[in-house]
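Undergrad: Quick one: the structure is below, questions incoming.
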Amino acid sequence: MEKDIKMGNCTLLFGDCLERMKEIPDESVDLIITSPPYNLGNNHHTGNNRIVIYADNMPEIEYQKWQIEVLKECYRVLKHDGSLFYNHKNRIKKGVQLSPYEWLFKTPFIIKQELVWINRSQNFDKIRFYPMTERVYWLTKSPQTKLFNAINHHDVFDTKDWKPVGTKAEHKRAFPIEMPRDIISCFPNAKVVLDPFMGSGSTGVACVNTNRKFIGIEMDEKYFNIACDRIEEAIREKEQSLFKDIY
């Protein structure tokens, strides 16, 4: 089904990210900010709440192989001095912690830095210390790639910085707009931003608010429509703000 949408500086592509990224030229993207499905299982819990959102239960070997393929495609479309910020987490499966490093080390990316996000996601199983953090990995092609720390921040972010959000009770795993907004602000020369797992469109909204070109890819029709609505609303609010400034 073709339902790609172009609005303002935002291009929203419907479909599988591996297939749709093939349409993006080599080394044409300045910055990638994304958070893939975590493969938590189709029925997991946050605190006392059971969550059944979407199919997220691949065999772990297949999941890691898929993530490597996606990251290699991200590497191809990213400029030589570009950066990828990859939000993921340590997961517990069958009593064993699985780290994203298990597949990150199998990609061509250089790991520049690991950010810790204390998002206080509730997991109160008393068989372990409660896991309440996620990670954001800064990945690059070159060890010389730098950012400008415009937000004057350290490598640990708390809920006062990036408060976890949902989208009208529809998308339980959306990351906050503040995350991509802060990251984008540290790359003043980045013009084109990609999110291959667009979800509910947080990265796109941040791009609208910071005057960047955005490419978003999403294969779930429900979330694609939510992202379209949010980005359209952000564009409308920005235009109204500019109108007020003029008059």
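The values are calculated or read from the model by the stated rules, or taken from the named source; none is laboratory data. All values reported here derive from a predicted model rather than from experimental measurement. Reconstructed Cβ throughout: ideal geometry from the backbone, glycine too, with neighbour counts over all protein chains shown. For the accessible areas, the whole protein counts, side chains as well, though only heavy atoms, and no ligand, DNA or RNA atoms are used. Shrake-Rupley method; radii C 1.70, N 1.55, O 1.52, S 1.80 Å.
Undergrad: Could you compute the FRET efficiency for ASN149 and ILE5, with r as their C-beta to C-beta distance and R0 at 30 Å, rounded to 0.05?
TA: So the FRET efficiency works out to roughly 0.30.
Undergrad: Let me ask you something else. Using a Gaussian network model of the chain with C-alpha springs under 10 Å, which one of ASN209, ASN90, ASN152 is most mobile by mean-square fluctuation?
TA: Sorting by GNM fluctuation, first place goes to ASN152.
Undergrad: Trypsin sites (Lys or Arg not before Pro) within region 1-43: which are DSSP loop residues with at most 14 other Cβ atoms inside 10 Å?
TA: Passing sites in region 1-43 are LYS3, LYS22.
Undergrad: Give the relative contact order (percent, whole number) for the chain; include only Cα pairs under 8 Å separated by 6+ residues.
TA: Once divided by the residue count of the chain, the mean separation gives 23 percent.
Undergrad: If you don't mind, another one. Highest first, please rank the peptides 32-41, 66-75 by the mean number of other Cβ atoms sitting within 10 Å of their residues.
TA: In decreasing order of mean packing, 32-41, 66-75 become 32-41, 66-75.
Undergrad: For the chain, what is Rg from Cα atoms divided by 2.2 N^0.38 Å, rounded to two decimals?
TA: Output field value: 0.99.
Undergrad: Here is a follow-up. Accessible area per residue, 1.4 Å probe, Å², for the chain: what's the number?
TA: For the chain, the solvent-accessible area averages 53 Å² per residue.
Undergrad: Let me ask you something else. Over the chain, what is the percentage of antiparallel beta bridges among all DSSP beta bridges, to the nearest 5?
TA: Within the chain, antiparallel bridges account for around 55 percent of the total.
Undergrad: Right, next: Using a 1.4 Å probe on the protein chains only, how many percent of the accessible area of the chain belongs to carbon and sulfur?
TA: Looking at the chain in its full context, I get 52 percent from C and S.
Undergrad: How far, in nm, would the chain grow between ASN90 and ASN211 when pulled straight, counting 0.36 nm per residue and subtracting the alpha carbon separation?
TA: Length gained, ASN90 through ASN211: 40.2 nm.
Undergrad: Then there's this: Using label points projected 7 Å from each Cα along Cα→Cβ, tell me how many nm separate ILE61 and SER241, to one decimal.
TA: Distance between label points: 5.0 nm.
Undergrad: Which residue fluctuates most in the GNM of the chain (Cα springs below 10 Å): GLY199, GLY95, GLY82?
TA: Looking only at GLY199, GLY95, GLY82, the largest GNM fluctuation is found for GLY95.
Undergrad: Considering every pair of different Cα atoms, what Kirkwood radius, in Å, is found for region 175-247?
TA: Across region 175-247, the inverse of the average 1/r is 12.6 Å.
Undergrad: Given the options ALA174, MET7, GLY204, identify the residue whose Cα lies farthest towards the positive end of the charge dipole of the chain (+1 on Cβ of Lys, Arg; -1 on Cβ of Asp, Glu).
TA: Ranked along the dipole, the leading option is ALA174.
Undergrad: Right, next: Got a sec? Charge dipole of the chain, +1 on Cβ for Lys and Arg, -1 for Asp and Glu; which of VAL29, VAL136, TYR63 is way out at the positive end?
TA: Going by the Cα projections, it comes out as VAL136.
Undergrad: While we're here: Can you list the aspartates and glutamates whose alpha carbon sits under 20 Å from that of LYS94, skipping same-chain ones fewer than 8 residues off?
TA: ASP56, GLU60, GLU62, GLU102, ASP125, GLU134
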